[in-house]
Amino acid sequence: MSEPFAVVEVIRAKRDNYVLSNEQIDWVIDAYVRGVVAEEQMSALAMAIFLNGMNDAEIVRWTDAMIRSGERMDFSALDRPTVDKHSTGGVGDKITLPLVPVVAACGAAVPQLSGRGLGHTGGTLDKLESIPGWRAGLTTQEMCQVLQTVGGVICAAGPGLAPADKKLYALRDVTATVESIPLIASSIMSKKIAEGAGGLVLDVKTGSGAFMPDPLQARKLAETMVRIGTDSGVRTRALITAMDVPLGLMVGNALEVQESVDVLAGGGPVDIIELTITLAREMLDLAGITDIDPADTLCDGTAMDVWNRMISAQGGDPKAPLPVAKYSHQVLSSAAGVLTRLDALQVGVAAWRLGAGRARKEDPVSAGAGIQIHAKPGDEVAAGVRLLTLHTDDESRFEGALAALAGATAIGPVGSRVTRLPLVIEKIN
Ligand code: URA
């Protein structure tokens with residue numbers, strides 16, 4: 001088959017800062033999936049996009065071409081409105097786990113296709129896989145069935161969903177082209193739009209533990225994604241939220257499941273409850289459900305009921321004890337005073353080094369590894385009390401984790417004022 005473009009011309013155009021045409025974009029994505037555009041050619045194009053950017057029309061078309069590279073799910077036969085959320089990822093960010101049952105308990109259907117973690121932020125599927133028996137892989141038919149009967153489902157995206165993004169994301173990972181707003185926005189939104197929910201709430205993190213530590217960049221990413229979603233007919237909103245400090249008090253797979261279950265049982269840390277309920281309200285508003293307070297579902301047991309049914313539907317035993325790591329080590333406060341710092345990135349890297357995360361996508365993760373946090377910034381602490389407990393299955397990992405934590409905490413004199421980002425910084429409609 002003769003090709004309508006020469007890839008070298010497309011690369012040269014973006015290298016020289018020209019705007020790519022719709023036809024060039026459609027062709028280059030399709031030809032990449034077909035193997036006509038080679039990996040080294042797509043690497044050069046990704047780097048040209050990284051350096052020169054894309055305008056709004058190019059980003060929307062690039063996203064659309066990636067959606068069209070695969071299947072688009074259709075939940076229009078369901079008897080409830082569908083709505084989903086996506087987080088750009090952070091340390092201790094287990095919000096999806098309580099959020100899906102809360103929103104489902106209020107009457108919306110939540111089809112959540114999640115990923116595994118890479119680097120210092122954990123993946124939702126890794127967390128759920130610490131529940132004995134639970135499986136992430138469902139066929140489309142199974143997914144629809146769980147969604148219809150339970151109201152919420154969290155599972156792995158199949159190979160047919162935005163295959164162009166799967167290929168391109170793996171390439172960006174090894175060519176230093178991940179941190180580009182057009183490429184991140186199109187990557188996330190191609191998967192979320194192909195997933196087929198009618199509404200989407202984006203939780204865009206900012207702060208040291210986030211993909212986009214700079215708040216201005218986080219806002220630009222959020223605005224770009226909201227524009228792409230809206231242009232594609234998905235009601236989309238974004239919240240920019242804090243990731244300067246880990247969310248909650250647990251970081252690690254089974255530890256985060258335990259904390260989520262605590263929240264569903266009506267307890268748990270205040271920041272997890274607040275963010276879950278804030279996101280739930282936005283999702284329910286997009287789904288047109290405004291007569292029910294999602295906070296009630298945590299007190300009356302209805303969200304926990306959805307959780308139990310959702311876990312059981314995927315082979316998990318919600319009552320089974322969660323795995324516990326073999327070894328633990330405590331980090332103690334060196335002085336009395338106020339905890340003024342607990343750096344999200346450093347805690348995330350330490351948890352990763354303890355075995356909670358993976359360096360390459362084929363690596364296994366440890367279910368029990370991670371970090372329990374005993375004090376958050378602003379808390380008064382006595383000298384010698386526990387600040388953190390580290391958990392691992394491999395004692396030799398403590399050294400690397402402790403090195404990652406050097407300077408992660410600081411104690412100021414009693415009365416020290418601590419400035420932290422507000423949990424919800426901004427809303428983008
Ligand atoms: N998550 C994605 O799915 N894609 C990106 O490019 C970055 C984060």
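Please treat every number below as a calculation from the coordinates, not as lab data. Because the structure is predicted, anything quoted here is derived from the model rather than measured. Note that each Cβ is placed from the backbone with ideal geometry, even for glycine, and that neighbours are counted across all protein chains shown.
Of the three principal axes defined by the Cα atoms of the range 121-256, the extents in descending order read 41, 37, 30 Å.
Springs join every pair of Cα atoms under 10 Å in this Gaussian network model of the chain, and among MET304, MET47, MET189 the largest mean-square fluctuation is at MET47.
Note on the range 83-313: the C-alpha convex hull projects to 11.3 nm² when averaged across all orientations. Of the residues ALA406, VAL324, GLY357, the one whose Cα sits farthest toward the positive end of the charge dipole of the range 296-429, with +1 on the Cβ of Lys and Arg and -1 on the Cβ of Asp and Glu, is ALA406.
Taking the Cα centre of the range 185-234 as origin, sum charge times position over the Cβ atoms of Lys and Arg (+1) and Asp and Glu (-1), and report the length of that vector in debye to the nearest 20.
40
For the range 240-280, how big is Rg over Rh, using alpha carbon atoms and the Kirkwood form of Rh? That ratio equals 0.95.
Relative contact order for the range 27-144 using alpha-carbon pairs under 8 Å, separation at least 6, rounded to a whole percent? Working shown, then result.
Numbers: 70 pairs, mean separation 21.2, N = 118.
It comes to 18 percent, rounded to a whole number.
Under the criterion of Cα pairs below 8 Å and six or more residues apart, the relative contact order for the chain equals 19 percent.
The label-point distance for VAL424 and LEU216, in a model that sets each label 7 Å from Cα toward Cβ, rounds to 2.6 nm.
Across the options LEU183, LEU264, ILE311, the greatest Cα extent toward the positive end of the charge dipole of the range 83-313 (unit charges at beta carbon of Lys, Arg, Asp, Glu) belongs to LEU183. Sorting TYR169, TYR32, TYR18 by the number of Cβ atoms found within 10 Å of their own Cβ, with the fewest placed first, yields TYR18, TYR169, TYR32. Distance between the C-alpha centres of the range 111-130 and the range 63-86: 20 Å, rounded to the whole angstrom. Under a 5 Å amide H cut-off, with hydrogens placed 1.01 Å from N, ILE425 pairs with ILE240, THR241, ALA242 among residues at least 5 apart or on other chains. Among ILE371, ILE67, sorting on how many other beta-carbon atoms sit within 10 Å of each Cβ, with the fewest leading, yields ILE67, ILE371.
Counting pairs of alpha carbon atoms under 8 Å apart in space and at least six apart in sequence, what relative contact order in percent does the range 165-251 give? Across the range 165-251, relative contact order equals 32 percent. Under the convention that each Lys and Arg Cβ holds +1 and each Asp and Glu Cβ holds -1, the size of the dipole of the chain around its Cα centre is about 460 debye. Taking K and R as +1 and D and E as -1, what net charge do the other residues with C-beta under 14 Å from the C-beta of ASP271 add up to? Result for the neighbourhood of ASP271: -4.
Working from label points 7 Å from Cα in the Cα-to-Cβ sense, the GLU395 to VAL178 distance is 3.3 nm. Think of the range 7-53 as having a plus end and a minus end, set by charges on the Cβ of Lys, Arg, Asp and Glu; of ILE25, ALA44, VAL7, ALA44 sits farthest toward the positive end of this dipole. For MET250, the residues whose amide H sits under 5 Å from its own are ILE373, ignoring neighbours fewer than 5 places away on the same chain, with H placed 1.01 Å from N. Here the residues ASP271, ASP84, ranked from fewest to most Cβ neighbours within 10 Å of their Cβ, fall in the order ASP271, ASP84.
Rg and Dmax of the chain, both derived from C-alpha coordinates alone, stand at 21.8, 74 Å. With a ≥ b ≥ c taken as the square roots of the eigenvalues of the C-alpha gyration tensor of the range 262-303, please select rounded if a/c is under 1.5 and otherwise prolate if a/b is larger than b/c or oblate if it is not? Since a/c reaches 1.5 but b/c is at least a/b, the shape of the range 262-303 is classed as oblate.
Counted by Cβ distance under 12 Å from MET66, the other residues give a net charge of +3, where Lys and Arg count +1 and Asp and Glu count -1.
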